[in-house]
Structure formats: structure tokens, C-alpha cells
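Chemist: Below: one structure in C-alpha cells.
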Amino acid sequence: MNYVILGAGPAGVTAAETLRSVDSQASITLVGGEPEPPYSRMALPYLIYGKIDEGGTYLRQDPTHYDQQRIRYVTGRCGGVDSRAKELYLSGGEVIAYDKMLIATGANPIMPPIPGAHLEGVETCWTLEDARHILKLAEKGSPVVLVGAGFIGSIILEALYLRGCDITVVELAPRMVARMMDETAGGMLGRWCEAKGVRVLTNTRVTNIESGPESGPRLSVGLSNGQRAPADLVVMAVGVRSNTGFLVGSGVKTNTGITVDDYLHTTAPDIYAAGDCCEGVDLSTGKPDMLAIQPVAVEHGRIAALNMAGHRHRHRGSLNMNVLDTIGLISSSFGLWQGAQAGQTAKVVDEGGYKYMKLEFEGDKLVGAQCVGMTDHVGMLRGLIQTGFRMGGWKEKLLAAPERLREAYISVAQGSPTAGPMSPHVNTPRAGFHGGASGH
């Protein structure tokens, strides 16, 4: 069997290793889109503030790892896929044939159409090459404008802060991390950053970027509030989109990401998808969605590889979960953090102490949660939401006193049989796919 994996991030590397573990004789080719060893994008902030060197970003530390696994690693950008001929075409002219292929090409950063966004000193933070550019400009005391305060932006924020940069955050939404936290939690993060000396501008957009005066910072950033912010470096972190443009005409259906069935098989024969480019099932909703987080990519890669090798393994859904360290303040969100329709909510708030917990119930199940400054609860919340345990009488106790979560977890988890993730809270049929219809 000739397997080809397009994309050398966590999903692709996990898939290649899983395939080798279940098929010792197969030919496995792993294609990376950058002239680098396979690495983790989530490790780039650690590189920027000096906790690790470039080697520390690599997904596997042993340089002979892929050779030992008999995984052929090549680099090149994919220009197209012919699903009938079972070939993919690299930009350098190489044609790679496959029997079965996994698409794990991840996502690309969005560069908004802002006048001046092409100027030197305007960067994204998505590749090792991006990180190298940032390291040249993000000196101690350097003025930096960070555009975007979502999950990725907030991770970059901490790295820049630890380098000693003078940071201005510009966020279009009314609060930080608006897609993972409510007004209370996002407001806490904003105030925490301001108390640390970071300037946080919400409800604000960048209107233009110009070259700065010869005697000052290299850039001048225009803002919708009429002000201008000086910057030696502007980092764009406004979001990502699936890297799927090369699939036009391939027979692989795409929406926001690649459409897959419950076995991560696409609409084209013998082609699977995994990771940030893939619309897998959200465990909490039962609907396809892009959950662009590394644990989901790893899970997708393993499951897709098993199915490619003929070991039928249904993807029951991934938990939407984010844990964020913002200059020392830990925040997290899980599942239906915005609440379930007709559900009930419990919360406890300590504004001065930067502590917050909000629990979302549907029936007697915990289906979502948010936390700020309460790290002890992360594992318990994940376990209760992911397993779908019924809380029984503990639901009413938690509605009255959410801080009793630890007691509830011990009681419920120890009183329930060991189980994996349950089915979604809403049994929503997947459009266009029915059960095991892929036949692969």
C-alpha cells in the first residue's frame, strides 16, 4: 500500500506514525509545505521569548526519527490533486502517486486588506520564518502593535511581553478572546493586561499602516479612534482559514474546511482529511466544525490513519477546548461555553482577584464552562463535559455553589463506570453522510 500524507504538522506526523504502527510493509510519504523539519506552530511563542531554540519546535527531536520509521519526508507546495489518476502535483514539478491519501494541510493566516500591510515590519506569526523575522524586530522596549486579541493573538502577546516589548493590542471585538470567553472573562483578561503595562484597545480597527519618520519607529499605525500608534513591528493575528485552495477540481468537497464523514473520509475516493483543514464533528453540537487546536489535529490524524489502513474507527466528535496563559493569568473554555438553548447557568465572580467560573447545564449534564484564574478545575471540567456524565443531584448544588465542583467531580466520576466521550447533546444528522456510507 502506498500512503501519502499531505501536510507535516501534528495531524500529518501522527497519521504517518500510526500508519507505520499498523502496516509495517507500507510505503509512507509525508509532504511538508515548508523547507523545515516537521514542527509545531504552537511552539513558536516559546521560541520568540527564548524558552526554546528552533530545535525545540520540532515535533520529533531525534533527527533520524522519520528514517527509522521508514517514512519518506519531502518538502514542496501542492499545486493540485487528480483524484482519478490518484496523483498529487508539487510546485517544483514532482508528481507523487498514492493509493490512499490524507490531506492535513492545516490553515493559513488571514492578512486583512489594510493599506500598508505589505510594508517591511508587518508580520504574521505562523511559520518558523515568521518567527525569525519577529525575533529581529522585537527588541526589549521596542514598540509593537499586535492586531487581534483572539486565542492566537493572546499567545503571541505573552511572548512579546516576555521579550520586554512595549505592546499595543488592537482588537475589533468589544473584548479580548471574544470567540472563547464572555464579557466578564474577556474583560478580566483586558484589565489584567493593562495592569501589566499593555495598552489594550477594543472596538478598534487598524485603518492603515505607513512608514514612520526617519528618526522614530519604522511604522505608524492608523486607528479607527483617530489616533496613530508607532511601531517597529506589527503582528497580524486576526484569524486563519483552511488551506484548501489547491483542491479546486479534485472532487474533494469543501465548505469552510474539507467535508468529511464520520470516518474522516472526504467526498473523493481514498482521500481522507484531518486537522485544521477539516470539518470534523464538534462533540458538543454534533455538527461539523473547524476546531483549530492541536489536540484535535492529533486525534484526527490517528483516527484517519486507522481508517486508511482498514481499521474502521468512527470519529465520535472532538471537544472544543481552549486553555490560554495570558501573562500569567490562566483562562479556559470548554464545549458550549455560551450556554445551551433552554439551559441553566451558574457562576461565581471575584473581579478584584481575577477569578471567574461559569458552568452551563443542559438537563442534568454539564455541557460548557469558562474559567479565569482557577487552574485546578481544568481537568475536572474537561472530564465531566467530554464524558457526558449525568450530574444528578449535584446539578442543583452546583447551581447554588459552583465552587463545589471538586466535590461534584469526585462524587459523579467515582460513581460512574469508566467511559469515553458520549454522543453529542443534540443528535443532529450529518448532511450528505449516513452512518458508514464511505465504505472505506
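The values are calculated or read from the model by the stated rules, or taken from the named source; none is laboratory data. Please read these numbers as outputs of a predicted model, since none were measured by experiment. With ideal geometry, Cβ positions are generated from the backbone for all residues, glycine too; neighbour counts draw on all protein chains shown.
Chemist: Provide a single number: the residues in the range 89-101 that are touching a Gly at 6+ places or on another chain (Cβ under 7 Å) and in a strand (DSSP E or B). So that I can check it myself, show each step before the final result.
Modeler: We begin by selecting, within the range 89-101, every residue touching a Gly at 6+ places or on another chain (Cβ under 7 Å); these are 89-92, 94.
Applying the additional criterion that residues be in a strand (DSSP E or B) yields 89-90.
Of the residues in the range 89-101, 2 are touching a Gly at 6+ places or on another chain (Cβ under 7 Å) and in a strand (DSSP E or B).
Chemist: Tell me, please, whether a residue that is within 25 Å of the chain's Cα centre (by Cα), farther than 23 Å from ILE156 by Cα and without any contact (Cβ under 8 Å) to a residue 60 or more places away in the chain can be found in the range 37-50. Quick ask: steps written out before the conclusion?
Modeler: Just the residues of the range 37-50 that are within 25 Å of the chain's Cα centre (by Cα), to begin with: 37-50.
Those still in the list that are farther than 23 Å from ILE156 by Cα too: none.
Looking for residues that are within 25 Å of the chain's Cα centre (by Cα), farther than 23 Å from ILE156 by Cα and without any contact (Cβ under 8 Å) to a residue 60 or more places away in the chain, one finds none in the range 37-50, hence no.
Chemist: Please list, ordered by first then second residue, the pairs with beta carbon atoms under 8 Å, 6 or more apart or interchain, first in the range 147-170 and touching a residue at least 60 places away in the same chain (Cβ under 8 Å), second charged (D, E, K, R) and assigned to a strand (DSSP E or B).
Modeler: ILE155/ASP325; GLU158/ASP325; THR168/ARG199
Chemist: So, one more: Can you pull out the residues in the range 12-52 that are closer than 18 Å to ALA104 by Cα and touching a Cys at 6+ places or on another chain (Cβ under 8 Å)?
Modeler: If the condition is that a residue be closer than 18 Å to ALA104 by Cα and touching a Cys at 6+ places or on another chain (Cβ under 8 Å), then VAL31, GLY33 are the ones that fit.
Chemist: Let me ask you something else. When you scan the range 122-132, do you find a residue that is farther than 25 Å from GLY7 by Cβ and without any contact (Cβ under 8 Å) to a residue 40 or more places away in the chain, even just one? Before the answer, list the steps.
Modeler: Of the range 122-132, the ones farther than 25 Å from GLY7 by Cβ are 122.
Remaining after also requiring without any contact (Cβ under 8 Å) to a residue 40 or more places away in the chain: none.
No, because not a single residue in the range 122-132 is farther than 25 Å from GLY7 by Cβ and without any contact (Cβ under 8 Å) to a residue 40 or more places away in the chain.
Chemist: With the structure loaded, tell me whether ILE96 is touching a strand residue (DSSP E or B) at 6+ places or on another chain (Cβ under 7 Å) and either at pLDDT 95 or above or of a type in the set (Ser, Thr, Tyr) (or both) or whether it fails that test. Give the steps one after another, and end with the answer.
Modeler: Values: touching a strand residue (DSSP E or B) at 6+ places or on another chain (Cβ under 7 Å): yes; either at pLDDT 95 or above or of a type in the set (Ser, Thr, Tyr) (or both): yes.
Taking the combined requirement at face value, the residue satisfies it.
Chemist: Collect the residues in the range 133-146 that are within 24 Å of ASN243 (Cα to Cα) and touching a residue at least 12 places away in the same chain (Cβ under 8 Å), keeping them in residue-number order. Steps first, please.
Modeler: Narrowing the range 133-146 to residues within 24 Å of ASN243 (Cα to Cα): 133-134, 146.
Those that are within 24 Å of ASN243 (Cα to Cα) and touching a residue at least 12 places away in the same chain (Cβ under 8 Å): ILE134, LEU146.
Chemist: For the range 256-265, give me each residue that is modelled with pLDDT of 95 or more, in contact with a strand residue (DSSP E or B) (Cβ under 9 Å, 6 or more places away or on another chain) and of a type outside the set (Gly, Ala, Ser).
Modeler: Applying the first criterion (modelled with pLDDT of 95 or more) to the range 256-265 yields 257-265.
Those still in the list that are in contact with a strand residue (DSSP E or B) (Cβ under 9 Å, 6 or more places away or on another chain) too: 257-260, 262-265.
The answer is ILE258, THR259, VAL260, ASP262, TYR263, LEU264, HIS265.
Chemist: Can you pull out every residue in the range 269-323 that is hydrophobic (A, V, I, L, M, F, W, C), touching a Ser or Thr at 6+ places or on another chain (Cβ under 7 Å), without any contact (Cβ under 8 Å) to a residue 40 or more places away in the chain and part of a loop (DSSP other than H, G, I, E, B)?
Modeler: LEU291
Chemist: Something else now. List the number of the failed condition for ALA268; all other conditions in (1) at pLDDT below 95; (2) out of contact with any His (no Cβ under 7 Å at 6 or more places or on another chain) hold.
Modeler: ALA268 satisfies every listed condition except (1).
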